[in-house]
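**Q** Let me begin by handing over the structure; questions about it come next.
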Amino acid sequence: MGYFEIFIALFSLLFLLFYAFRNKNGFPTNWPIVGMLPALLMVLPRIHDYFCEIMEEFQLTFVYKGPWFTNMNVLATVDPANVHHIFSKNFGNYPKGSKFKEIFEVLGDGIFNTDSDLWQYHRKMAQSFITHPQFHKFLVKKIWEKVETGLITVLDHASQQGLEIDLQDLLERFTFDTISTIIMGHDPKTLRIDLPDLPSSKALNDIEKALLHRHAVPVCVWKAQRWLGVGQERKYRQSWEVLDAFIYECISKKKEEMSKRSASGESKSHNEVGIDLITLYMNEVNQSATFGSKIDKFLRDTFLNFLIAGRDTTSVALSWFFYLLSRNPQVQSKIKAELDAMMLHLKDHHDDGELKRSRLNYLSRNFEELNDKLVYLHGALCEALRLYPPVAFEAKVPIDQEILPSGHKVDPNMQIIISLYAMGRMKLIWGEDSYEFKPERWISERGRIKHKPSYMFLAFNAGPRTCVGKSMAFTQMKAVASSIICNYHIQPVKGHLVIPDVSIILHMKHGFKVKIVIKRSSVHSQLRD
């Protein structure tokens with residue numbers, strides 16, 4: 001018998017022993033040699049809910065023992081005191097580090113993958129550009145253009161034809177188009193009636209699944225798969241190449257555009273149309289001697305990091321937001337009432353089509369003023385982010401050994417996993433109603449948004465690495481949510497299963513199949529009644 005057959009026989013025997021003598025309460029047993037890996041593999045299809053059960057049972061922190069000789073021991077925690085310590089109080093002891101960068105190598109030297117001086121440079125530049133008045137003008141303009149010419153067009157078509165559509169797919173297309181436009185000045189135009197395939201968007205999904213796989217198996221396993229070019233690692237490499245081709249093409253086109261403009265002496269004014277992020281970055285790096293011949297690589301890494309964050313944060317949050325509204329119609333009614341109260345002056349528009357155009361026109365023209373007034377909508381979006389955070393896990397590794405506030409010891413060989421999904425559902429953190437969708441928990445008695453500490457609401461990270469694009473994400477989410485809620489009924493397809501996918505990003509595994517029904521003069525009808 002060969003070594004391979006012996007290995008398979010031993011592994012099969014261990015698996016049978018595990019199944020026969022598994023912990024009947026469902027919690028992992030620490031087996032000789034394989035540790036708790038069999039239990040992890042068994043629950044992988046429902047890993048997010050499993051984390052909730054484990055965290056609740058073990059008072060918010062649990063130590064997972066990996067196979068012997070793999071350095072795969074993990075401390076899983078959702079304890080706010082631990083999170084505050086790791087992300088803020090002792091931030092310097094928890095850099096991204098070489099292990100994180102090795103797993104997330106596709107991100108290159110972007111803002112999510114770097115530490116120290118390079119990270120500070122990235123963050124300072126990103127904050128400066130994202131808050132640039134001309135970029136903000138461009139952002140709002142392009143979001144509403146895509147709402148009116150893309151999203152509304154496709155939803156109207158689906159309604160008129162009585163089609164079942166995947167709302168998650170539509171929202172991914174919307175955010176992919178808008179984020180590509182505002183970051184790289186290129187609109188892929190994936191949000192059309194014919195819903196064309198776009199390899200670069202699919203490549204992002206495949207990479208995210210491969211990243212979770214790298215967290216779930218021993219390093220030697222995924223490295224062997226990478227070397228052999230098989231399994232998830234094969235998809236990872238192929239998807240990486242697809243994304244590189246897309247981003248480098250956008251960079252090349254923008255360079256050519258800027259070069260032609262410079263050669264012709266044309267001075268394009270951005271006062272009216274605003275300015276995209278790639279132009280701001282290119283103007284900056286072209287004046288710097290820091291990057292030399294590596295300017296394109298710096299831009300590629302920067303834009304890929306932004307592309308992943310910008311597409312997924314918004315589309316995933318909105319998908320789960322509309323799913324939650326479909327299960328909590330009373331919340332949708334309150335959001336609709338909040339919007340209607342701001343558009344009472346549109347009551348004279350009797351025609352449905354004219355009323356819809358008037359609503360969209362009013363929202364787009366007055367969005368800056370309305371944004372801060374949409375308090376209940378803001379609370380509902382925060383509540384959706386609490387229950388379904390777009391990024392399901394955060395990972396940290398300490399430089400030096402220390403004792404966490406929970407009393408657990410961590411050392412440089414231990415990875416720390418924070419489940420944002422589980423954290424948002426803990427009764428010890430959010431109360432007995434932690435699984436309920438209640439926007440009211442975010443609203444004060446004076447009708448203002450309550451501040452929740454980032455170490456208990458981690459959707460936009462915490463401490464020095466708090467997301468620089470938070471306001472940009474809320475701007476996009478509110479624009480989409482208000483446009484759809486004002487004009488359409490979203491009806492989930494009966495029997496369609498909606499569950500989280502096994503991925504770093506909390507996509508819906510089977511999408512969100514719905515039917516679209518156009519609302520009929522609801523503002524006018526309400527006043528008439």
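The values are calculated or read from the model by the stated rules, or taken from the named source; none is laboratory data. Remember, it's a predicted structure, so these values are computed and weren't measured experimentally. Positions of Cβ are backbone-derived with ideal geometry, glycine not excepted, and every protein chain shown enters the neighbour counts.
**Q** Which condition from (1) of a type outside the set (Phe, Trp, Tyr); (2) part of a helix (DSSP H, G or I); (3) closer than 29 Å to ASP166 by Cβ is the one that GLU369 breaks?
**A** (3)
**Q** Something else: What helices (runs of 4 or more DSSP H), lying completely within the range 235-349, carry at least 2 residues that are more than 26 Å from CYS467 (Cα to Cα), at pLDDT 95 or above and not hydrophobic (A, V, I, L, M, F, W, C)?
**A** Result: 295-327, 329-341.
**Q** Regarding ILE111, is this residue assigned to a helix (DSSP H, G or I) and either crowded, with 16+ Cβ neighbours inside 10 Å or of a type in the set (Phe, Trp, Tyr) (or both)?
**A** The answer is no for ILE111.
**Q** Mind telling me which of the residues ALA203, ALA158 ends up being modelled with pLDDT of 90 or more, crowded, with 17+ Cβ neighbours inside 10 Å and within 30 Å of TYR50 (Cα to Cα)?
**A** Only one candidate passes the filter, namely ALA203.
**Q** Is there a residue in the range 405-415 that is aliphatic (A, V, I, L, M), under 19 Å from the mean Cα position of the chain (by Cα) and either crowded, with 19+ Cβ neighbours inside 10 Å or in a loop (DSSP other than H, G, I, E, B) (or both)?
**A** no
**Q** Return the residue satisfying two criteria in turn: it lies in the range 76-107 and is in contact with a Ser or Thr (Cβ under 9 Å, 6 or more places away or on another chain), surrounded by fewer than 20 Cβ atoms within 10 Å (Cβ to Cβ) and small (Gly, Ala, Ser), and of such residues it is nearest to VAL410 (Cα to Cα).
**A** Among residues in the range 76-107 that are in contact with a Ser or Thr (Cβ under 9 Å, 6 or more places away or on another chain), surrounded by fewer than 20 Cβ atoms within 10 Å (Cβ to Cβ) and small (Gly, Ala, Ser), the one nearest to VAL410 (Cα to Cα) is ALA81.
**Q** Would you point out which residue out of SER364, SER358 is assigned to a helix (DSSP H, G or I), touching a residue at least 24 places away in the same chain (Cβ under 8 Å) and polar (S, T, N, Q)?
**A** One residue alone meets the criteria, SER364.
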